[in-house]
Amino acid sequence: MGLATGYGTLQAFSNEDIDRQERRDMEQRLAEQRQAQPVISGLAGHVLRCWEAAKQAKQPIEERMIQSMRQRQGEYAPDELARIRETGGCETYLMLTDEKCAAAEAWLEDILLPADDKPWGVNPTPVPELPPEAEQQVWREVDQHFRTLAMQAAQQEVMASGAPVSSEEFEQVVARLHQHFRQQVDEYRQMALKRLRDEAKKADATIEGVINDELLESGWIETLRAAMPNLVDFPAGFIKGPIVRRKPRLKWAPGGGVEVVKELVNEFEAPSPFDIYPAPSSSKVGDGFLIERHRLSRSDLQALIGVSGYDESAIRAVLELYGRGGLSSWLSLANETTRRELENHRHEEFDPDGKIDALQFWGPVQGRQLIDFGVPKEDIEDPDIDYAAEVWVIGSWVIKAELNGDPLGRPPYHKASFRNIHGSFWGMGLPELIKDCQQAANAAAREIINNMALGSGPQVGVDTGAMAPGEDITEIFPRKIWQFDLGDNPVNRQPIWFFQPQMVVAELMAVYDKFSAEADNKSGVPRYAYGAETKGGALSTSSGLSMMLNVASRGIKRVVRNIDWGFIESSVLRMYQHLRLYDLRPELRGGDIKIIARGSSALIAKDQQQVRRNEAMQAVLNPMVLQVIGLRGLAYVLREWFAGLDMDVDKIVPAEEEVLQMMQAQQQQQQALTMQRQQQPARQPRGRELDPAGNPVAGQDARLF
């Protein structure tokens, strides 16, 4: 029986013909028949081969990640703990790494997630690109302007010649002059570009509002916050999205009240770096295939039944096989048990619902395999070449295979690292940067405690031969009476003596302080940046502390730039492009913008903003500058200056309307004074009596008026 015939037969059956168990058995056989086809089994085999290669390549990365988790949680590796126990003493682990990581996370959140702003914005591109019809309209208007100039010049030329011309001859003159005026195209091109920029700027605010609304609805802020610890702790952190899912939502019903409706929504999520497996040769996301490992519950799989793109029969077969005890741990990951223990999921295997491993593959797949799985033939131009695809595999079952929904074939992942490594997919996390400092600090701390234990009290030496029989030498307490038998001992030999071990705590503390300070330098997160105790010097004054914080922020700026480029600009741009492709709202049709991350620039601004404000205040108080900017400019500078001091600006500086009224009142007052002076009669100078020689007569008033 062929596959298509089998499906037709299955649909023809009803509950009266076969019972439920027989129907499930037939579904199972048909699913196995479908999945056993060479194309489907070959597709699963291709994904599993890629998975094995990626898993082997990531093995040393996972070991580094396990070490970072232990370091963050203050746990020794088993072999290191065994060596410590061989020598005895304490097993103290100082939480230096956790202190630095927590401070770095808080610092990054303060910079990138301010309460009153967002960490990104939009700017128009230097030459904005409008929709084709709008651009054509602009050029039509420019060409019409050229023709109008040519018509006016032709009329003047004909009138100057005085000779009659036919309409054809007049058009020839117009065409010649039209071509002549088109040589001035640069001037008019600049006018057209200015108009394009103006149009783009008008659309910017609307587009930015739409993008921001979609990001808030999709949980982008929460995802960015959730990805921050992964970026700090591990070689890389990841954000995935936008992902289109059908979710139930509450909506207002037409007649009042609310109703539950299922809608397509955009979402973001922060997958664990443990679950991301790039191609062995990848140096960035999209450079080769990428696989994400999912842990699905039975309800997760059941929710996929009936969803477009998923193979219902394959999903039912997986559920049936898992219900019989299969597929429980078919991936066989080496570090899985250790990871679950460090993530406090030690008892996950006792969960009655259980989890099913699934692989989500993003990468090239031959077009023929996609067609045979069910992808429409019209979407595949050449079945013999590879296409960017998304494939889900559980065991040997392919539950989904379709073309990548991104027009450029990019997987929906965005990556950033605390410290990038050039040419490598994986970077370095903060625990790795201070690993040697943490180990040295731990060694110093253990020896400090051991030395304190030994040096906190005297040690006792006992000559056991001089002790009376039955004397307990293990107990020492005040006013104890010791019994000695000195018959066989020399007189000058002490039967019991005390000595004090040397205390070297101060020297060991200096070693610890040295490596703790080195951790500050390597991490770029000094202790005074998060309020830890400072020790005099420049840090004892507010200006000195501000200067040191400005210097220290250079280290965190590099991390912020990594997040700006890897997380923020990449994910927000992908959301904008997704909306341009699939959202039909007219406000998204115009404009040509560039997404700008504000993280590193905001940090620089916070460091220098108040200084610049003070300089601006000094400048505007100059009478010549004040005469140029006027009251309106002065009011703006005052607003910015007081806002930087976290003061209520509205209670200090008048509103712009009031400033304009003040300016108008001053102008009216100045005009009134001018008119008053013009209306006053001019005073004539009085003449002087002169002597015959032409000199004023003595005693005469010398005033002119």
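The values are calculated or read from the model by the stated rules, or taken from the named source; none is laboratory data. In this text, all values refer to a predicted model and were calculated from it rather than measured experimentally. We place every Cβ from the backbone using ideal geometry, glycine too, and count neighbours over all the protein chains shown.
Here are the numbers:
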{"read-out": "Among the candidates VAL307, VAL265, residue that is of a type in the set (A, V, I, L, M), over 17 Å from the mean Cα position of the chain (by Cα) and part of a strand (DSSP E or B)", "value": "VAL265"}
{"read-out": "The one condition in (1) among the small types (Gly, Ala, Ser); (2) closer than 29 Å to ILE568 by Cα; (3) at pLDDT 85 or above that GLY121 fails to fulfil", "value": "(3)"}
{"read-out": "Matching residues in the range 221-262 - criterion: being of a type in the set (A, V, I, L, M, F, W, C) and in a strand (DSSP E or B)", "value": "PHE238, ILE239, ILE243, VAL244, LEU250, TRP252, VAL258, VAL260, VAL261"}
{"read-out": "One residue from ALA334, ALA440, ALA388 being surrounded by fewer than 20 Cβ atoms within 10 Å (Cβ to Cβ), out of contact with any Lys or Arg (no Cβ under 7 Å at 6 or more places or on another chain) and not assigned by TED's automatic domain parsing to the domain that holds ILE239", "value": "ALA440"}
{"read-out": "Conditions (1) under 30 Å from TYR576 (Cα atoms); (2) of a type outside the set (Lys, Arg); (3) outside any loop (DSSP other than H, G, I, E, B): number failed by GLU320", "value": "(1)"}
{"read-out": "Qualifying residue in the range 241-262 (condition: assigned by TED's automatic domain parsing to the domain that holds GLY363 and touching a Ser or Thr at 6+ places or on another chain (Cβ under 7 Å))", "value": "yes"}
{"read-out": "The range 43-94 - residue that is in contact (Cβ under 8 Å) with a residue 60 or more places away in the chain, assigned to a helix (DSSP H, G or I) and among the small types (Gly, Ala, Ser) and, of those, nearest to PHE373 (Cα to Cα)", "value": "ALA44"}
{"read-out": "Residue within the range 226-244 that is hydrophobic (A, V, I, L, M, F, W, C), over 12 Å from the mean Cα position of the chain (by Cα) and under 25 Å from GLY309 (Cβ atoms) present", "value": "yes"}
{"read-out": "Restricting the range 252-273 to residues that are surrounded by 11 or more Cβ atoms within 10 Å (Cβ to Cβ) and among the charged types (D, E, K, R), the residue that is farthest from LYS55 (Cα to Cα)", "value": "GLU259"}
{"read-out": "Residues satisfying the stated conditions in the range 272-286, i.e. touching a residue at least 60 places away in the same chain (Cβ under 8 Å) and within 22 Å of ALA401 (Cβ to Cβ)", "value": "ILE276, TYR277, PRO278, ALA279, SER282, VAL285, GLY286"}
{"read-out": "Residue within the range 478-501 that is within 30 Å of TYR93 (Cα to Cα) and surrounded by 12 or more Cβ atoms within 10 Å (Cβ to Cβ) present", "value": "yes"}
{"read-out": "Test for ASP646: is it farther than 30 Å from GLU569 by Cα and at pLDDT below 75", "value": "no"}
{"read-out": "Sole residue being charged (D, E, K, R), at pLDDT 90 or above and outside any strand (DSSP E or B), chosen from ARG346, ARG339", "value": "ARG339"}
{"read-out": "Residue match in the range 72-81 (condition: crowded, with 20+ Cβ neighbours inside 10 Å and among the charged types (D, E, K, R))", "value": "yes"}
{"read-out": "Residue selected from the range 209-228 under the condition in contact with a Lys or Arg (Cβ under 9 Å, 6 or more places away or on another chain) and surrounded by 18 or more Cβ atoms within 10 Å (Cβ to Cβ), by the criterion modelled with the lowest pLDDT", "value": "LEU215"}
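Let's see how each residue does on (1) assigned to a helix (DSSP H, G or I); (2) charged (D, E, K, R); (3) modelled with pLDDT of 65 or more; (4) surrounded by 15 or more Cβ atoms within 10 Å (Cβ to Cβ):
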site	(1), (2), (3), (4)
GLU518	yes, yes, yes, yes
LYS522	yes, yes, yes, yes
TYR528	yes, no, yes, yes
ALA532	no, no, no, no
LYS535	no, yes, no, no
